Amino acid sequence: MTRKPKLAVHKFSSCDGCQLALLNLGEPLLLLPELVDIVHFAEAGPLDPDAQVDVSLVEGSISTPHDVDRIKQVRENSGYLISIGACATVGGLQALANFTDRDAWMGQIYSNPEHIDALQSSSAIADHVKVDLEIPGCPVNSGQVLKALRDLLSGIVPRSESQSLCMDCKRCGVVCTLVTKGEPCMGPVTIAGCGSLCTSLGRACYSCYGPTPLVNDQPLTARFSQLGMDEAAATRRFHFITSHAPAFKSAGERLKAEEE
Amino acid sequence: MDESREIHINVPVLTRVEGEGALELDVSGGQIDNLKLRIYEPPRLFEKFIEGYECDQVIDMVARICGICPVAYQMSAVQAFERLFQFDPGPWVRDMRRVMYCGEWLQSHALHVHLLAAPDFLGFDSVIGMAADHPEAVRRGLKLQGLGNDLIALFGGRSVHPVGVRVGGFYKAPAEAAVADIVRRLEEALPEAEALVGWTTGLEIPDDDQTFVNVALTHAQDYAIGEGRLISDQGLDIDIAEFDAHFREIHVPHSTSLHAELDGKPYLTGPLARLNLNAERLPESVKALMEGCGVDFPSQNMFHSVIARALETYLAIHEALRLLRDYRVPDSPARAVTPIAGVAYGCTEAPRGILWHRYEVDAEGRVTQARIVPPTSQNQGRIEEDVRLSLLNLGLDKDDATIRLRAEQVIRNYDPCISCATHFLKLKINR
């Protein structure tokens with residue numbers, strides 16, 4: 001390659017936790033500038049939001065009219081756009097507010113809601129512009145972000161994970177919490193990538209990585225029911241960190257309908 | 001100076017702070033007409049959408065308010081629920097939560113001192129540029145930050161939104177071999193943290209004493225982190241449940257984060273306030289380091305907060321070592337807890353200052369109402385006051401670049417965490 005590829009990190013509505021996937025790299029963070037030219041990364045210091053770049057990492061969900069304009073500009077300026085984390089890929093935990101009347105909430109929270117500029121929903125980056133790669137997770141796994149960058153730098157098209165957490169547990173030798181402990185584990189419908197964190201602590205997965213490409217939710221919720229969980233509690237399992245991933249949104253809505 | 005000179009400084013995106021904020025400053029006739037720390041990060045409405053969720057779910061939800069201090073959110077929440085349920089988690093859980101919290105102080109302080117604040121003092125735009133001239137300092141910062149992250153992950157699997165804390169204790173106790181490994185690394189890091197204190201006292205620190213009120217938690221035995229009473233240097237001394245009788249929240253038009261006042265005035269929370277109020281509770285070796293560092297505490301110069309952060313970095317390693325040296329896996333990392341309906345209050349010292357939670361909980365252990373008051377929104381009023389006084393002290397006759405740098409540096413002294421601040425919500429409570 002004749003010149004170093006340019007990288008930008010953009011933030012929308014989020015907790016900043018996915019940018020930490022880079023800031024938490026430790027000493028390898030200092031090697032990153034040898035591979036890429038970091039031209040925009042406000043939390044780290046470099047500021048040039050309108051720069052033309054080869055790769056953009058986008059964190060956060062779209063929740064204001066200004067965000068909508070800004071993401072379009074980012075798309076135009078980016079050769080390859082990667083959305084990172086649950087907020088950017090499915091609207092994040094804050095998309096739970098989409099289920100209700102936002103304006104009424106604003107009125108309860110702020111004494112002068114007319115000063116708050118916000119849309120009626122929190123939505124994914126791909127709802128607004130073409131996204132080249134989505135890396136799920138709340139937060140993303142640094143390894144997955146680095147691997148995607150490495151693949152791009154090597155001229156390889158990055159591949160998305162497609163297997164469920166269950167496969168990860170098998171690979172890591174983690175004893176199944178659903179089968180052996182009767183815990184309401186979301187692993188069978190959750191995309192792998194975290195490294196089986198909850199299950200290796202003996203707790204049920206709560207799906208901070210969101211759904212697998214194909215979700216078979218009915219047998220799982222039937223099992224939850226056998227374990228003594230009512231529909232409302234099961235709904236809260238699907239309508240949680242990634243409530244607006246289509247498969248989880250509809251699973252939760254089905255459970256709500258069954259409850260009524 | 002030229003009294004007719006007009007200065008308009010607009011910093012549309014503050015860099016090296018967590019989240020999205022901006023600064024507006026207008027000067028004319030030698031006076032500051034307008035000074036606003038604008039917080040425009042969109043609100044995410046956390047307090048509303050957690051309604052109806054179970055306490056253990058809420059612990060994982062509130063962590064998502066902040067990627068840099070998720071442990072603080074989890075600890076304020078779990079403390080609130082366990083207080084309400086009249087549950088004492090016992091010494092092992094209390095000690096291990098303190099260790100995990102030390103991990104967060106360590107990573108957050110190391111990140112701030114080296115990556116976010118130091119470039120200002122040394123004349124760089126970012127740590128990446130700084131690394132060429134100060135490679136050892138940057139390496140030390142990243143190493144300490146990494147150690148803090150690993151200390152959190154020891155209990156929670158990962159450092160951002162860890163998964164280990166539950167009502168009643170932890171999901172799992174770390175293995176003794178993993179603890180022995182981290183104890184070795186903490187011992188190696190202690191001299192580096194000591195060097196960090198010396199390094200921060202060598203930075204060029206402006207003389208900028210101001211009058212302000214310090215607020216922090218305090219504890220009878222320990223330097224308060226995870227529990228205590230709320231005190232100030234103006235005589236406040238209350239249980240955390242009495243917060244509302246003394247502190248008031250205000251919505252100002254230029255911010256999606258509510259401001260807070262104590263008895264009608266801005267106040268400081270965070271590392272400098274803690275050190276100013278709780279130096280007597282420091283372990284002997286940390287106190288000796290503080291007394292020998294060449295700066296007198298208590299200090300009313302907010303630029304000394306970088307030294308306070310360095311001293312707390314050393315304290316965090318010291319405390320983690322003290323509590324982990326004789327570590328044994330307990331019979332059980334958690335005990336069963338029965339929910340009790342009522343109002344729950346929690347307050348802990350996040351890296352940036354006091355983080356206060358209030359929840360209403362039903363008999364099934366579900367949250368029906370929530371209010372969260374993070375440190376950055378509490379500091380907002382103080383930040384604006386500080387920028388104003390600091391610029392007057394600097395002299396408005398300085399050039400725009402100097403004024404802008406000073407203003408940004410003052411803001412960064414507070415290590416503002418703007419994602420946190422925009423989830424600070426005031427509710428109308430109808431009873």
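Can you send over the solvent-accessible area of A:D217, 1.4 Å probe, protein chains only, in Å² to the nearest 10?
20 Å²
Express the accessible area of region A:6-153 per residue in Å², computed with a 1.4 Å probe while the remaining protein chains stay in the model.
Heavy-atom accessible area per residue stands at 34 Å².
Could you tell me how many degrees, from 0 to 90 and to the nearest 10, lie between the Cα long axis of helix B:70-84 and the main elongation axis, the longest principal axis, of the Cα atoms of chain B?
50 degrees
Using a 1.4 angstrom probe on the protein heavy atoms only, could you order A:E59, B:E24 from most to least accessible area?
Solvent-accessible surface, decreasing: B:E24, A:E59.
Using amide H atoms built 1.01 Å from N in the peptide plane, name the residues 5+ places from B:A350, or on other chains, whose amide H lies under 5 Å from its own.
B:L355
Over chain B, give the accessible area per residue in Å² for a 1.4 Å probe, as an integer.
With all protein chains present, chain B gives 33 Å² per residue.
Could you tell me what a quarter of the Cα convex hull surface of chain A works out to, in nm² with one decimal place?
15.7 nm²
I need the phi-derived Karplus couplings for region B:178-194: 6.51 cos²θ - 1.76 cosθ + 1.60, θ = phi - 60°, integer Hz, Gly and Pro marked x.
5, 5, 4, 5, 6, 4, 4, 5, 5, 5, 5, 7, 4, x, 5, 5, 5
Report, to one decimal in Å, the Kirkwood hydrodynamic radius for region B:316-378 based on all distinct Cα pairs.
The answer is 14.8 Å.
Could you list, bin by bin from short to long, the percent of Cα-Cα pairs of the protein assembly as shown in 10 Å steps?
Final binned percentages: 3, 16, 27, 29, 18, 6, 1, 0.
From zero up to wherever the largest Cα-Cα distance of region A:6-153 sits, split into 5 Å bins and tell me the percent of pairs in each.
Here the calculated profile for region A:6-153 is 2, 10, 19, 22, 20, 12, 8, 5, 3, 1.
Mind listing the phi-derived Karplus ³J(HN,Hα) values for region A:12-26, rounded to whole Hz, using 6.51, -1.76 and 1.60 with θ = phi - 60°, and x for any glycine or proline?
3J(HN,Hα) across region A:12-26, in whole Hz: 10, 6, 5, 9, 6, x, 7, 4, 5, 3, 8, 5, 8, 5, x.
If you roll a 1.4 angstrom probe over the protein chains with everything in place, what fraction of the accessible area of the protein assembly as shown belongs to carbon and sulfur, to the nearest %?
Ligands and nucleic acids excluded, carbon and sulfur give 50 percent.
Quick one: of A:K249/B:K48; A:K181/A:K256; A:K6/A:K170; A:K181/B:K48; B:K143/B:K398; A:K4/A:K130, which pairs are farther than 29 Å apart, Cα to Cα?
A:K6/A:K170; A:K181/B:K48; B:K143/B:K398
In whole Å, what are the Cα extents of chain B along the three principal axes, biggest one first?
Each principal axis gives a Cα extent; for chain B these are 72, 55, 38 Å.
Spin-label point model (7 Å from Cα, Cβ direction): what's the A:A104 to B:E291 distance in nm?
Calculated label separation equals 6.1 nm.
Checking the a/c ratio against 1.5 first, then a/b against b/c, what shape does the Cα gyration tensor give for region A:165-259?
Here region A:165-259 falls in the oblate category.
Which peptide among B:195-203, B:332-340 comes first, and what is the full order, when sorted by highest mean count of other Cβ atoms within 10 Å?
The densest-packed peptide leads the list: B:195-203, B:332-340.
Please report the buried accessible area for the interface of A with B, total over both chains, probe 1.4 Å, in Å² to the nearest 100.
5200 Å²
Keeping all protein chains in place and using 1.4 angstrom, which order do B:W105, B:W92 fall into by accessible surface area, from largest down?
Largest accessible area first, the list is B:W92, B:W105.
Starting from the amide H of A:S13, placed 1.01 Å from N in the peptide plane, find each other amide H under 5 Å away whose residue is 5 or more places distant or on another chain.
Result for A:S13 returns A:S61, A:S63.
The values are calculated or read from the model by the stated rules, or taken from the named source; none is laboratory data. All figures in this text were calculated on a predicted structure; none of them were measured in a lab. Using ideal geometry, Cβ is built from the backbone for each residue, glycine included, and neighbour counts are taken over all protein chains shown. Heavy atoms of the whole protein, side chains included, go into the accessibility calculation; ligands, DNA and RNA do not. Shrake-Rupley method; radii C 1.70, N 1.55, O 1.52, S 1.80 Å.
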